Structure formats: C-alpha cells, structure tokens
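**Q** Attaching a single structure in structure tokens format; questions to follow.
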Amino acid sequence: MTYEVLATPRLDETDRDALRRRILDYFHNTWEVYERLFDVLATDRAFTMRADPLRHPLIFYVGHTACFFINKLVLAKAIPDRVNPRFESMFAIGVDEMSWDDLNESNYDWPPIAEVWEYRNQVRQVVESAIAELPIDGPIGWDSPMWPVVMGIEHERIHLETSSVLIRQLPLDVVRTDENWPVCDVSGTAPANELLEIPAGNVTLGREKSEPIYGWDNEYGRLEKRIETFRAAKFLVSNGEFGEFIEAGGYTTEKWWTEEGWSWRNYTEAKHPVFWVPTADGFNLRCLTQEIPLPADWPAEVNYLEAKAFCNWKAEATGRPVRLPTEEEWYRLLDVSGLAAKANGPSPGGNLNLEQWASSTPVDRNQSAGFGDVMGNVWQWTETPITGFPGFEVHPLYDDFSTPTFDHRHNLIKGGSWISTGNEITRGARYAFRRHFFQHAGFRYIESDAAIDLRDDIYESDDLIAQYCEFHYGADYYGVANFPKVTAEMCLEANRKYRDGRPIASALDLGCATGRAVFELARECDRVTGIDFSARFIRVGHQMQQNGSIRYSIPEEGELVSYHERTLAEMGLAETRDKVEFWQGDAHNLKPQFTGYDLVLAANLIDRLYEPAVFLTEITRRLHPGGLLVLFSPYTWLEEFTPKEKWIGGKKVDGENLTTLEGLHQALREMFDPCGEPQDIEFVIRETKRKYQHTKSQMTVWRKK
C-alpha cells in the first residue's frame, strides 16, 4: 500500500502529551486506511449488496466501526450523549453469524451511504475530543478511561480485514482497481512441500495485563504446555498442492470430511475454494478488485472444513498422522522460527500490515528458519476451538467479544494475513471464526502422534453468569420460590385477570438475564422474545434452548466449587424450546422489529437503566392497545447505574418525598391504566454456600390504553 500503516502503539509513554499524540495519530491512521478501503467500490450500489448471505452488506460495516466508538464511550460514561441513536442501534450488532443475530433484510431500512459517511465525520470529531480530554493518570491499561478509545481503534482494524473479505465476494462490475491496493505480480510453479522437524519444547501462551500494548480479553491469562516433537510443512499449502486434493476427488469423497464439513459441502455444493473462479481452461483467482490466472505458488485460501478434509486425505495417502496444528503447536513453530521476539514490535516482517501487497504472495517468498509464512500472507487454521486461558476475565465494556465464541464452533486462526494490522500481528493475538467462514485464511499441516488436547469450558464458570444460572435454574433457598418462575406465573395470571384471558400471541421479557422466565412464559404464549444487554447472559438462554441443558459451577467456599447441570425437561419446559428466541439489545434503543407485544415483562430492570424515563416512553410503542406492562423492581437506585437526576423516584423533589411507585404513575398515566394493587415478591440470590442476598421486589401491572 502506498499509505503507511502505523503499528499498534505502546501505551506506557511517560510523557502524557506525547501519549495523547500517539493515540491520536493511531486513530487518524486507522480511520483513514479503513475509509480508503472503500475507495475500491465503484458504485453506491455496492454498499447495499449482500456479498455473503451470512453477513450484512458493507454499509453495515461502514457504520458499525463508527457506532462502536460511541456505544463503548457511552457505556464507559466517557461521553454524555449519543450521536445518532437510530444508527447506534442499526449498526451495533450483527457481525458474526450468531443465531441471535438478525440477518433478515426486511428488518433493515439502510440509509443512503452519504448519511453514513456524514455520521462517521460526526463520530470522528467526538473521538478526537475524547482523546484530547479523557484523563491519563498513568500507563493506559485495562481500567483506564482511554482504554475504550484504543479498543475502538483496534476494533476498526479488525473490520479493515473482514470488510476486505466481503469486497472479494462482490461482483467485479461494482469494484475498481486502486493504486493503494496493488495485487502481487510475482507467481510461478508451486514449490515442493516437505516436512521439517520441530523439536520438543515448552510454550507459554497469554498476556500479562502489564504488557504495554492493547489486548483483547481472551488474550489475557496464562497457559503453559509441553509440546512433543512434531514435523511441520515447510510451506503453507499452495493452490497447486491443494489442486492435487481436488483432482483426487476431494470435494466428492465423503470419508475425508467431518460430519459438519460434509453437510456444509452438500449445502453449498462446493467444488473448489470460494475464491477460485472456473474458466474454460482452469481457474482464475479472485483478488480484492480483479481476477488473475490462478497462481499455483500462492497459498490456498479455504475454510477450516476444507483444510481438515485435505489433511484427512493426506493422512490416508501417506499413512501418516497428518492434521492441522493446535494453537500451542503453532506457538512452538513461532518460537522455532525466531519471529516470536519480533511479534510485539512494529512488524515481524513478511506479507503483513499492508507492507508488501494487497494480496497473497508465493508461499516460499518470506521464510524464517526454513519455514515460509509463519506469520503473514494468510491466516492459518488450527485444530483449537477458542476458549479463555486460565485467569480469563471478561472485559466489562465488551462482554460479547469473546464469550459468544466459546461454543466449540469457532476455531482459532493464527499468524495474520497481508491486511492484518495492529493487534492482529502481535504474538498474543487470538481470533476465531466459524469453521465454515472465509477469511484470508489458509493452512499448514503437521505430522504428529500426539493427541489433540482441546481445552473445554464445559461448565460456565464466570462468577456472575454462574450465579444467575443458579438464580434462574437452580434450587430454592430458605423457602423462597424461584423468582423468574414466579414472575412469569404472575404475568400469566395478570393476563387472565386484566385481559380476560385472551391468548398471548407475543410476549417480551426485557432484561431476561439467563432466560428462565422466557421459557416459563412460553407455557401459555405463542411466541416469547428474551432480550438482555449482556451477550454473556443471552448465551446461556441460547444454550438452554439449543441443547435443552446448561452446566455451570458455583462457589462453595474459597476456591472450592460445585458443579451443576440443569435441563428444561426436569423443569417441565422441554416443549417450550421452539416458541422462544433470545437477542442481545439495549432496552433504551431497541431495534424496530421488536414490537407488537401483548405482554412485556421487565423484572428488576427499571432501577438498572441509565435513562428509565426514556425506556418507559419507548416501551409504550412496543405494546398493542390493551397489552400489559408488568414491572418488578426493588427500587434500589444507585448512581453507578442511573444518574441521580434521572431517577424516577426514591428522591426528594421540591423538598418532598417522591417514591418510585409515585414516579411510575406520573410517567405512565397518560398511556396506561394501573391494574390491581402493587405486590411485594421475595427473591434470594446465592453467592456462596453461606452467603445469600434476600430482597423484595415490587410488582406493578399496567394496561395500555
């Protein structure tokens, strides 16, 4: 690329003004490189075309990286106001193919791309002001007010890459060549691959929080492992080498594929890698903006399922234990290559960081210690599904970056590609994708007799999530009935009493946490939607729906824990699975499709919102006339959640007491009639074997006029 791409900055600069300038320069560089990527689109139509049926069109990603800054800075209380609430809902969620993501085009009315560019200009000014004004009291770390700014910058670097993958899937007539994005002009015959020995040794994975560069939460912690001797391919598998697999019937022979892989191949009817374009006399390769004759010596770009099938074919053909490396084995190869010490510097060299080409290059072009492309050219698939390291903690500002991928469906890719920059090209980088997804990714095979040791987070161990698993699905304590179950039963009773028992076609549980009440409501509702701000909570509900069971560990005392499994069947809820859905969302800023409900439940939510009055106004539009709004709350107002001036009760107003119940009447009286008398409902949350929270929540019922 003709434009310099800056490296991820050190965050321990002692000169505070210099550190601000460094972050500002990194922000500007990232912002401008990202926007220059879209210069290759020849028409505005390209922004709204669906390049990949499992991902949003590019207009989403243009807006997404900008709104990410605003959403995180608002969440961190670093800025007081949103820039465009509609955009910050529309462009917030939907990057990965999660089952709770919304990929239904009918739910999106994409704005003109010019409006999105103008929105980006507004956001740029907000971020520049934040960089100038946020306090820096020491090295910028995990808890620093400046951390969400650097988080937003690195997040945009990720989408520089993912957006380029989508551009490669657009029709050629909507893209154009650009001097900033040149394709390598070097190619030749595929080099013969051979296996070289990697001696046994120890590897250490994970970052320390004291490291002076940015890291994502899944990169922190520590894992030490002994790796036995294995043999690794000298080069990444080239197009020429992969062609041998195709000629051997690779895409038509089921025995070489995993069950998942063969299902994908049948569904897609794949016959070759996705970026190979058949021609009269062979194949072309689709690059960013053009097709070129297939370079035999460039790396084959495939998904995990194709790479795994190749390895199984190779194992049968050679009679040797051929497979992909694990994450730990890749790190052992990195150490042997001599590149590990360079990987936290400006650049370890190779076809990385847009320093060479905006495409792959020959697999034998960049070698270290006899191995080609240990880092760079294309990402390398591993056998390892991503999990957290021992000591893993969720970053509270981005709790859905890592944990939704800890599902054994997302495999790690290592080493970076030609367009990987920033955090992506550091030693500790950890990124994972669904096994059927395409990135600029290929693979290297190894021979090893060692079993694949997959780290398995089989039990939910996040303290807060496990606590809520027990609160929702666990035992009753001190004679107090299960609170989510009771709230659902009281909602259904209210429907019988105040809606004459009319059927509930659609219900919403807002702030559903881990989801028990969603399933309980579905006993009598045709359809129930559960929404929570936390992806960690939503993941539990989704697992319970998909698997019919969840597993979690809860603390007993000290470091001792007990392990639990709960099933829908044992709760009599197995038949409700097809009637529920779970989504991540902000109660203040719901997507437009969440409307038309006969019943809305908001349990222990109102006093945890940053603008409860806005929520009460917003939720009115989501209910049918005659529909019920059922609120539960202990009225525990805290300024860490809600600024005092936005409390709707529990405070003095003009010298007089204003209770929350009175505040609710004031806020709802124009659109709702109160139903019945308020009721206090007890609940108990278990923290440890000998520590419990015992609380009363008040239930109020409101019928929309």
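No lab work stands behind these numbers, since they all come straight from the coordinates. Remember, predicted model here, so these are calculated numbers, not experimental data. Cβ coordinates were reconstructed from backbone atoms using ideal geometry, including for glycine residues, and neighbour counts include every protein chain displayed.
**Q** Can you give me the orientation-averaged projected area of the convex hull built on the Cα atoms of region 476-704, in nm²?
**A** Values: hull surface 53.4 nm².
Over all viewing directions, region 476-704 projects a mean Cα-hull area of 13.3 nm².
**Q** Once each part is reduced to its C-alpha centroid, what is the distance from region 26-99 to region 642-705 in angstrom?
**A** The two parts, judged by their Cα centres, are 37 Å apart.
**Q** Step by step: find N for the chain, compute 2.2 N^0.38 Å, then divide the Cα radius of gyration by it. What's the final number?
**A** Ratio of Cα Rg to 2.2 N^0.38 Å: 1.01.
**Q** Can you list, bin by bin at 5 Å, the percent of alpha carbon pairs in region 352-501, starting at 0?
**A** Percent of pairs per bin, in order: 2, 7, 12, 14, 13, 11, 10, 7, 6, 5, 5, 4, 3, 2, 1, 0.
**Q** Compute the distance from the alpha-carbon center of region 320-343 to that of region 278-293, in whole Å.
**A** 32 Å
**Q** Let me ask something else about it. For the chain, list the DSSP H helices whose alpha carbon atoms reach 20 Å or more along the long axis and whose average Kyte-Doolittle value is 0.0 or above? The partial results should precede the final answer.
**A** Numbers: long enough: 16-37 (32 Å, -1.03); 58-75 (25 Å, 1.58); 113-133 (30 Å, -0.25); 147-167 (30 Å, 0.43); 304-318 (21 Å, -0.33); 483-498 (22 Å, -0.48).
Helices passing the filter in the chain: 58-75, 147-167.
**Q** Restricting to region 476-704, compute how many DSSP beta bridges are antiparallel as a %, nearest 5.
**A** Antiparallel: roughly 60 percent of the beta bridges in region 476-704.
**Q** What number do you get for region 195-447 when its Cα radius of gyration is normalised by 2.2 N^0.38 Å, N = residues? Display every interim value, and only then the final one.
**A** Numbers: Rg = 17.8 Å, N = 253, 2.2 N^0.38 = 18.0 Å.
That ratio works out to 0.99.
**Q** With N residues in region 270-372, what two-decimal value do you get for its Cα radius of gyration over 2.2 N^0.38 Å? All intermediate terms of the calculation are to be shown ahead of the outcome.
**A** Details: Rg = 16.2 Å, N = 103, 2.2 N^0.38 = 12.8 Å.
Scaled against compact globular proteins, the figure is 1.27.
**Q** In whole angstrom, note down how far apart the Cα centers of region 227-265 and region 374-390 are.
**A** 17 Å
**Q** Long-range amide H contacts for F433: which residues qualify at under 5 Å (H placed 1.01 Å from N, peptide plane, sequence gap of 5 or more or a different chain)?
**A** N411, I413
**Q** Just rank Y597, Y610, fewest to most, by other beta-carbon atoms within 10 angstrom. Numbers along the way, then the final one.
**A** Details: Y597 25, Y610 16.
Lowest count first: Y610, Y597.
**Q** Going through region 1-39, which chymotrypsin sites (Phe, Trp or Tyr not before Pro) have at most 12 other Cβ atoms within 10 Å and a DSSP loop state? Spell out each step's value before the answer.
**A** Values: sites: Y3, Y26, F27, W31, Y34, F38; in loops: Y3.
Qualifying residues, ordered by number: Y3.
**Q** Taking region 612-705, which chymotrypsin sites (Phe, Trp or Tyr not before Pro) meet the DSSP loop condition and have no more than 14 other C-beta atoms within 10 Å? Could you put the intermediate results ahead of the total?
**A** Details: sites: F615, F632, Y635, W637, F641, W647, F672, F683, Y692, W702; in loops: Y635, W637, F641, W647.
Passing both the DSSP loop test and the Cβ count: F641.
**Q** Let's see if you can work this out: charge +1 on each Lys and Arg Cβ, -1 on each Asp and Glu Cβ, no other charges. What is the dipole magnitude of region 166-210 about its Cα centre, in debye to the nearest 20?
**A** Numbers: 4 positive and 7 negative charges, 60 e Å.
It works out to roughly 280 debye.
**Q** Excluding residues on the same chain fewer than 8 positions from K209, give the aspartates and glutamates whose Cα lies under 15 Å from its Cα.
**A** Hits, sequence-local ones excluded: D12, D143, D217, E219, E393.
**Q** Further, regarding this structure: For region 266-319, run through the trypsin sites (Lys or Arg not before Pro) and keep only the ones in DSSP coil with at most 12 other Cβ atoms within 10 Å of their Cβ.
**A** Values: sites: K271, R286, K308, K314; in loops: K271.
Counting only loop positions with at most 12 other Cβ atoms within 10 Å, the trypsin sites (Lys or Arg not before Pro) in region 266-319 are K271.
**Q** With a point put 7 Å past each Cα toward its Cβ, work out how far D654 is from H28 in nm, to one decimal.
**A** My value for the distance between the label points is 5.3 nm.
**Q** Another question, then. Report, ordered by chain and residue number, the lysines lying within cross-link reach of K308, taken as a straight Cα distance under 29 Å and ignoring same-chain residues fewer than 8 apart.
**A** K225, K234, K255, K271, K414
**Q** Neighbour counts of other C-beta atoms within 10 Å: give me D463, D680 arranged from fewest to most. Before the final figure, lay out the partial values.
**A** Details: D463 14, D680 10.
Taking fewest neighbouring Cβ atoms as first place, the list is D680, D463.
**Q** As a check on your grasp of the helix formula, calculate [θ] at 222 nm for the chain: sum -39500 (n - 2.57) over DSSP H runs of n ≥ 4, divide by the residue count, round to the nearest 500. Intermediate values should be presented prior to the final figure.
**A** Working: 16 runs with 201 residues, N = 705.
Computed ellipticity for the chain at 222 nm equals -9000 deg cm²/dmol.
**Q** Sticking with this one: Rounded to the nearest 0.05, what FRET efficiency do E639 and L75 have when you use their Cβ-Cβ distance and R0 = 22 Å?
**A** Values: r = 16 Å, r/R0 = 0.71.
Efficiency, rounded to the nearest 0.05: 0.90.
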